[in-house]
Structure formats: structure tokens, C-alpha cells
Amino acid sequence: MQAYIDQLIRDGYFAGMPKEVVYAVAMVLAAFIVLSVFVAPLAGVTSWLERRVWARMQSRVGPNRVGPQGILQWLADGIKNLLKEDLIPSAADAKLFSLAPYVVFVGFLCAFVVIPFGSQLIVADLNIGILYILAVTSLVVVGILMAGWSSNNKWSLLGGMRSAAQIVSYEIPAGLSILTIVFLAGTMSMQGIIKAQGWAPWDWFLFNNPFTFAAFFLYFTAALAEGNRTPFDIPEAESELVAGYVTEYSGMRFLFFFFAEWGNLYVIGAVATTLFLGGWQVPPVTSDPILLGVLQFVVFFLKAYLWVFIAMWVRATLPRVRVDQLMALCWKYMVPLSFLCLLGTICWMLVFPKGNQIFSVAMFVLGLLIVAYFFKRVVFQIRHARPELYFKPHI
């Protein structure tokens, strides 16, 4: 998009207008398009799909009334929250209380500026793209702290403080895992990182060496913790803190927090896809720029949404951990392991400066075997499940 605007300016379409104004208007327009056309429907449908996935995995029904298979439930929930009364506690700090959900929302929405949906489908290809994402997503912790503090509620305050400690802690292993890929690619540009890989799985950074393979899972786990996702959702632990930092919120302000959480799932998947899974890279099957752009978008979206589904799967199956377990996992295990992955990748680059294709193919084959065994066990459990042991009729 940035290159397209530069070309329009050179062609004289905005003669007499300051370049800064043109860029500002273009960014606002791009934000509106991304929010209304992609982010809002994506977060809404994700909320519906997540509830359906939970229900299927836990032998429940889930939303199935509004629209075919309940597909319009997210829209009904949005309208319901829009019509609810917007309450601000009398003892709360009204300004901070009102502002907090929008700070959280902006922190997640700004990440879409540098997400590369295709070789040409990106708002701005910043040369510090991955650093930009780490910076803007840190606004989320500021918004959550604002919500907890301004509510003047002890449960909200505890939830906000838990979230701050959790996000700040898990940013370290996430950042170190990302740094391993930055070293391999030699750039912080999101497009540059993708172009340093290939369309074939053995050309992805995931299978480049054993340290990047481990770094991927470290990043994904840390990203789930930063996003307050189960089993790391202790800031809003309803069994301990009522609802944590959102206890006093209602209406659309309440919804904005979860809007950001569901949308952030896709950001996590998109960053993981960009760094480790080859991004939008596709086989050279066509030279038509439009068809190629559509194919790149579909490939990128499916890769990213696979990890959204896995995050749903994790939430439906794992229990919440305790606070001390959460912090011990980060500082005692994930931080040392992420440092090990970083140093190991540096040593690997010194030994194999041009990579090791044979090892990458072997890693890919090993990954396929692990996935095949995993799904074999899943199929075995489904075929041998005995629902009558868990759903006995009441006498």
C-alpha cells in the first residue's frame, strides 16, 4: 500500500497536498477497511467457532439457534452488548475506566498494519515490522492495568496486576524466540522474513534446525500466555477473581476486551506463520497477479487460522494453572530454553552458513511422523470412547 501511495503522489494525483496528510488519510482509510471488512467479522466468527469447538470436544451442543448451526450467534451477541446499559461504578475513575478497553483494542488492531497477507497485500512493510508488533501489542498490558486500577475493585486490581506480571514475563521468551528467526533472516521486515524462506516445508524456518523447531513451540506457548488464553487465563479467573479486570464492565466496553482477545488469536497465528511457516509463499503455479494474490492470501490465512484452532483445542482440554506455576514455567524453564535456542541457532549458522538441506528434509519427515502418530491416537480415542460412562441418565 505504501508503494502504491508513493506512485500516486509521483503521478500528481494529490498535487498541493502535504505528503504527511496523504499518508495519514490513507492509514485511517486502511484501518477502517481492515477493521470493518476483516478484523470485526474474523473476531466474531472466531468467537462462534470457538464455542462450537469447545462444545464438540466436551460433548455439548453449543450455540445452534441463531442462523444455520448458530452461525449468526456472534452477530446477536454483538447487538445484545450494543443495547446493554453502559455502567460506570460511582467509585471508579471514570476517564481511565472508559479509556481502558479502547487502549487494549488499539494495541491489537495496530498489529495488522504490518501483517503480510500476500506479497503485495500489506498496509506498510516496515523495516522494523516485527519490532513494531512487539511494541504496539505491549499497549494491551497498559489497557488491562488501567481497567484493573480504575475499577476501584479489589478483584479487578488483582486481575490487572496478574496480567501485567504475566505479559511482561512472557514477552522475554517470546522475544528471544523471535530473535532466533531475525538472526536467520537478517532482517526485521515481515516481508523480508517470508522472502528468506520458500514455499516447500523444508525451506521454512521451522525445520531449519532443531533450535528453531523448539523456538516455535516456545513462541506459541508464550504468545498464548501473553494473550491471557487458557491455561494461562489467570487475570480473569472466574473461580478466584469473579472476572478479574473486566468485573465492573458492561455493554460494548466489556465486549471490546474479548473482541481484542479473539482477534489477537489470529495475530498470534499470523506472526507464527510469518516467522516459522513460510508466510504467503506458494508454488509457482500461475503468473496472473490477481490469481496469485488470492492464492497467497488463502494460503496465509489457512496457515494462521490452523494455530487459532489449536489454541481453541488447548483451551477446551487443559485446566488453568496456578499463579506460581505460571511464573515458574516462564522464568525457570522457558527463559533458559529460549536463550539456549538463540545461542544454538547462532552456532548452527556458524557451522552451516548456507543451511543444511538434508537436515531440514529430515526434520520435516520427523514432524510428519509426529503429527501422524498424534492423529492416530486421536482417532483411536474417538472410536473407543464410551459416552455412557460419562452421561448416565438420572434416576
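Since every read-out is calculated from the coordinates, none of them should be taken as a lab result. Since the model is a prediction, treat every value here as computed from it, not as a measurement. All Cβ positions, even for glycine, are placed from backbone atoms using ideal geometry, and neighbour counts span all protein chains on display.
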Just give me a number: lysine pairs in the chain, eight or more positions apart or cross-chain, with C-alpha atoms less than 29 Å apart. 10
Two-site FRET efficiency, F339 against I71, from Cβ-Cβ distance with R₀ of 51 Å, rounded to 0.05: 0.70
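Please find the FRET efficiency linking W313 to K19, where r is the Cβ-Cβ separation and R0 is fixed at 41 Å, and quote it to the nearest 0.05. Intermediate results must be reported in sequence, preceding the final value.
Values: r = 47 Å, r/R0 = 1.15.
Computed FRET efficiency for W313 and K19: 0.30.
What ranking do 291-302, 75-86, 215-226 get when scored by the average of other Cβ atoms within 10 Å per residue, highest first? Show your work: numbers first, answer last.
Values: 291-302: 16.9, 75-86: 13.1, 215-226: 23.7.
Ranked from most to least packed, the peptides come out as 215-226, 291-302, 75-86.
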Test of the criteria: in segment 285-387, which trypsin sites (Lys or Arg not before Pro) are in a DSSP loop and have at most 14 other Cβ atoms within 10 angstrom of their Cβ? R322, K354
What Kirkwood hydrodynamic radius, in Å, does segment 84-348 give when the mean of 1/r is taken over all pairs of distinct Cα atoms and then inverted? 19.1
Using Cα-Cα distances under 8 Å and only pairs 6 or more residues apart, what relative contact order does the chain have, in percent? 20
For segment 84-348, with the dipole built from +1 on Lys and Arg beta-carbon atoms and -1 on Asp and Glu ones, taken about the Cα centre, which of P283, S90, Q120 lies farthest toward the positive end? P283
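For a Förster distance of 35 Å, can you work out the FRET efficiency between the beta-carbons of R56 and F217, rounded to the nearest 0.05?
Working: r = 25 Å, r/R0 = 0.71.
Between R56 and F217 the formula returns 0.90.
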Taking 0.36 nm per residue of separation between F352 and V371 and subtracting their Cα-Cα distance, the length gained on full extension comes to 4.1 nm
Within the chain, which DSSP H helices have Cα atoms that stretch 20 Å or more along the helix axis and a mean Kyte-Doolittle hydropathy of at least -1.0? 19-33, 40-57, 94-109, 154-185, 210-226, 251-276, 289-317, 335-351, 357-383
Quick query: amide H of L121 versus all other amide H atoms, modeled in the peptide plane; which residues come in under 5 Å with a sequence gap of 5 or more or a different chain? none
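Find how much the distance from D288 to L35 grows on full extension, using 0.36 nm per residue of separation minus their present alpha carbon separation; answer in nm with one decimal.
Values: separation 253, 0.36 × 253 = 91.08 nm, distance 2.80 nm.
Full extension from D288 to L35 adds 88.3 nm.
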Cα lying deepest toward the dipole's positive end in the chain, options M27, M161, I358, charges on Cβ: I358
How large is the dipole of the chain about the Cα centre if only Lys and Arg carry +1 and Asp and Glu carry -1, each at its Cβ, rounded to the nearest 20 debye? 1160
Dipole in debye (nearest 20) - segment 53-204, about Cα centre, beta carbon charges: Lys, Arg +1; Asp, Glu -1: 460
